[in-house]
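Quick notes on the structure that follows.
Each reported figure results from applying straightforward, stated rules to the coordinates on display, with no laboratory input. Everything numeric here is computed off the predicted structure, so don't read it as measured data. Here the Cβ positions follow ideal geometry from the backbone for every residue, glycine too, while neighbour counts run over all protein chains shown.
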Amino acid sequence: MAALQKIRSKSGLLIGIIAVGLLAFVFPWSELSSFINKSKDKAFTVNGEVITTKQYADRIAQWEHFQKVMSGQNSLDEAASSQIREMVYQQMVKEIMLDEQADKLGLSVTSEELNDMVVGANVAPVLFQIPFFINPQTGQFDKAYLNQFIQSISQDEAGLSENQKAEIQARREIWAFIQNMIKYQRLEEKYSSLVAGSVLPSATEVKSSFEDSKVQANISYVVQRYSAIPDSAVDVSDKDVKALYDKRKNNFKLDSELRKISYFVKDVVPSDEDYAAVEKEINGVYEKFVTTDNPGLLVNEYSSNQFADAFVAVASLPSDMKSFVQTASIGEVKQPERTEQSYVMYKLMDRTTAADSVKLQLIPFQGLDQATATHIADSLMTVMKGGKDFTTLANELMPGSNGGEIGWATEMSLIGTGADVVKKCFTAAKGDVFTLTINGQTQLIRVQDKTNPVSKVKIAVIQMPVIISDKTQNSIDNELNQFVAENGNMENFDNVALTKGYNIISNAVISPSEMSLGQVSGTRQVISWAFNNKVGTVKKFDNLTNKRVVAIIKNSIEGDYMPVSEVSPMLKAELINEKKAEKMIADLKSKNLTSLQAYAEAVTGRVDTVSFVTFQTNNISGVGYEPILNVYAKHGQVNKLEQPMKGKAGVYVLDVTSKTDNTNTFDEAQAKQMIRQGNFYQLMSQAVFVLQEKMNVKDNRVTFW
């Protein structure tokens with residue numbers, strides 16, 4: 001009986017176990033696990049629509065590819081990648097919202113409209129930013145380059161090589177990406193315009209706005225700033241703060257959960273021992289550098305930079321190097337010097353007077369074997385000797401190439417093509433045409449122009465960076481590990497870090513969308529960690545470049561509103577100023593002063609003036625935003641000394657010395673148009689932002705990134 005009763009008491013648990021067992025029987029565990037993981041896989045949601053981490057990652061990959069193509073880079077740094085992640089998030093959210101709103105409102109961007117924004121008179125603004133469509137001569141958008149691009153992706157692929165087909169396909173993908181940007185930019189314009197156009201100014205508003213800007217006043221004033229008396233001179237209670245918080249509560253509405261952390265950043269820099277080791281090494285190389293007949297070999301062996309067998313203009317050199325070469329003899333060596341985090345020495349190898357830059361034109365023969373390319377180049381040279389100029393020939397062979405022009409180049413910019421190429425280009429006369437082999441490909445080159453001769457030198461530079469040794473890094477890591485072990489708690493963290501001289505940032509409030517802690521690159525990982533761990537957790541982050549970060553999670557801020565404890569310092573500061581204003585006003589009134597000069601002497605200040613102030617002047621010269629002056633510019637009496645009154649920056653005593661009326665006549669239609677235009681741009685900029693608040697956007701990316 002007792003056993004039966006025991007079973008009955010556990011019946012709920014048994015039912016649960018049986019249910020799980022049946023569920024596992026019906027759904028194999030692998031599928032059940034996949035279902036659970038899928039339900040959690042939410043990078044973000046918009047009005048209930050889920051964007052998975054894969055969808056988000058795929059769009060990031062598209063944007064990164066686009067950015068690489070546009071910039072000509074093979075890789076992106078962390079800052080660029082972080083910016084792209086945020087841009088992709090904002091764009092995907094915007095697209096979902098706009099699609100939903102467009103469907104409700106009957107808005108669309110037709111294919112004809114898209115085509116008109118490409119080939120029509122009003123080209124889409126985004127196209128002006130695409131390098132493919134920029135004329136290299138003018139640096140401006142050129143429709144001819146756009147048309148050439150579109151023709152290139154529309155061509156028949158029959159007879160093309162696999163490489164050419166792949167290039168066309170890559171360009172088609174880029175064009176699809178650009179078209180999507182054009183579409184949603186236009187759709188956003190339509191939606192924002194529709195919202196902005198729904199607000200119309202009334203006749204009363206128009207008349208009031210005109211009257212507010214009609215009167216201009218010159219004002220003399222004395223201000224006693226709130227900083228003139230200590231905060232301790234007034235008393236603000238917690239009850240006062242809470243009352244103001246309740247009054248302003250809607251200002252503290254939270255869009256997402258927040259975290260409060262304290263952290264410090266420790267720079268990992270070379271030790272004195274690290275510097276001494278490199279100094280000893282470069283001093284050992286110095287004697288070889290002085291005596292060698294081939295300093296380039298030593299540069300390539302010992303320096304972080306490779307030897308550049310090229311002349312550079314003396315005027316372009318750093319000041320210390322310029323001073324050296326102007327007085328040094330050929331073969332003289334500048335002794336090693338410590339420069340920032342490296343040691344440098346250099347040797348003057350040669351001097352000359354020659355053009356600093358040459359302007360080149362080029363006709364390449366890519367994809368041809370050497371014999372064929374040489375034959376064609378010789379044939380073209382014969383054609384030019386017959387009277388046809390290089391520019392015309394290049395445009396015929398390469399339409400849109402601007403005569404094969406590749407622009408101005410210095411010896412240093414051409415050094416990657418080889419010393420022989422540099423020598424040939426800079427010794428040739430203006431107008432000379434010749435063939436060169438660059439990276440295994442035959443090229444036909446013409447020197448279109450040359451700068452006037454300048455003083456140039458050839459220098460061999462050995463630069464040895466001071467590398468942070470493992471010993472130094474281990475020493476810093478041991479120091480920080482000990483700090484975490486001894487002070488990794490909320491009671492000690494901030495105070496001990498401050499005592500030890502670390503640049504502690506205390507109680508920093510962070511949101512899940514922030515890219516980094518301040519300007520410290522690589523610290524997105526700290527933000528992600530803070531939102532995925534418990535309050536009180538401490539961690540040392542050592543996978544940053546030459547930095548370490550130690551952080552502690554101090555608090556989790558959740559709910560619909562920022563708690564009063566988090567905004568209390570700000571509210572208290574405001575209340576302190578209000579109490580100070582009351583005290584200052586009472587003190588000044590008790591003196592029964594009758595002139596601005598007397599008030600100035602009473603507050604140890606001076607009489608200042610402002611001119612041409614209207615009711616609508618937002619930023620008053622020398623003062624900033626001070627509404628009390630705006631009010632008296634319109635309503636104050638001329639030559640009447642006003643009693644002390646509370647302002648933003650302090651307590652003001654003022655006198656309106658003169659007023660003038662604007663002589664413009666009231667034109668209701670014109671005034672209405674100006675207000676509508678101002679409202680239009682303001683509402684357009686806010687429309688999508690407000691829509692985002694209304695559509696319950698939930699950003700969950702911090703869970704994954």
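Quick notes on this structure:
- Relative counts (whole %) of C-alpha pair distances in the stretch 130-170, using bins that are 10 Å wide: 28, 40, 27, 4
- Rounded to the nearest 20 debye, dipole of the chain from Cβ charges on Lys, Arg, Asp, Glu: 1680 debye
- Secondary-structure-derived ellipticity at 222 nm for the chain, considering helices only, amounts to -15500 deg cm²/dmol, per-run term -39500 (n - 2.57) for DSSP H runs with n ≥ 4.
- For the chain, the longest principal axis of the alpha carbon atoms and the long axis of helix 11-26 meet at an angle near 30°.
- Neighbours of Leu76, meaning other residues whose beta-carbon lies under 12 angstrom from its beta-carbon, give a summed charge of -1 when Lys and Arg score +1 and Asp and Glu score -1.
- Just so you know, the Rg over Rh for the stretch 589-673 is 1.05, from Cα atoms, with Rh as the Kirkwood radius.
- Across the alpha-carbon atoms of the stretch 272-353, the computed radius of gyration and Dmax are 13.1, 44 angstrom.
- Exposure here means at most 16 other Cβ atoms within 10 Å; with trypsin sites (Lys or Arg not before Pro) in a DSSP loop as sites, the longest stretch of the chain lacking them is 11-387.
- Inverse of mean 1/r across different Cα pairs in the stretch 357-450, Kirkwood, Å: 13.4 Å
- With N the number of residues in the stretch 516-645, Rg(Cα) / (2.2 N^0.38 Å) evaluates to 1.78.
- Across the stretch 272-353, Cα pairs under 8 Å and at least six residues apart give a relative contact order of 27 percent.
- In the stretch 536-594, the GluC sites (Glu not before Pro) that fall in loop regions by DSSP, at most 13 other Cβ within 10 Å: Glu558
- Note on the stretch 607-657: Rg/Rh from Cα positions, Kirkwood definition for Rh, rounded to two decimals, is 0.90.
- For the stretch 148-217, GluC sites (Glu not before Pro) meeting the loop criterion (DSSP other than H, G, I, E, B) and having at most 16 other Cβ atoms within 10 Å: Glu157.
- Shape of the stretch 111-196 from the C-alpha gyration tensor: prolate (a/c of 1.5 or more and a/b above b/c, with a ≥ b ≥ c the square roots of its eigenvalues).
- Counting only alpha carbon atoms, the long axis of helix 272-291 and the longest principal axis of the chain meet at about 20°.
- Estimated from the Cβ-Cβ distance and a Förster radius of 56 angstrom, the FRET efficiency linking Met674 and Thr391 is about 0.60.
- With one equal scatterer per alpha carbon and no solvent term, the Debye-computed log10 I(q)/I(0) for the stretch 211-271 at 0.19, 0.21 1/Å reads -0.99, -1.01.
- Scaled radius of gyration (Cα, divided by 2.2 N^0.38 Å) that the stretch 585-628 gives: 1.42
- Relative contact order of the stretch 357-450, pairs being alpha-carbon contacts under 8 Å that are 6 or more residues apart, as %: 45 percent
- By the beta-carbon count within 10 Å of each Cβ, the least crowded to most crowded order of Val265, Val119, fewest first, is Val119, Val265.
- At 1.306 mPa s and 10 °C, Stokes D of the chain from Kirkwood alpha-carbon radius, µm² per second: 46 µm²/s
- Radius ratio Rg over Rh of the stretch 400-530, counting only Cα atoms, Kirkwood formula for Rh: 1.32
- Cα long-axis angle, helix 564-590 against the chain (0 to 90 degrees, to the nearest 10): 60 degrees
- Sum of side-chain charges, Gln463 neighbourhood, beta-carbon under 14 Å (Lys, Arg +1; Asp, Glu -1): -3
- Given their separation in residues at 0.36 nm each and the Cα-Cα distance between them, Asn492 and Met398 gain 26.7 nm when the chain is fully extended.
- Listed residue pairs exceeding 20 Å between alpha carbons, taken from Lys42/Lys253; Lys583/Lys659; Lys40/Lys539; Lys54/Lys547; Lys385/Lys430: Lys42/Lys253; Lys583/Lys659; Lys40/Lys539; Lys54/Lys547
- Relative contact order, percent, the chain [alpha-carbon distance under 8 Å, six or more residues apart]: 24 percent
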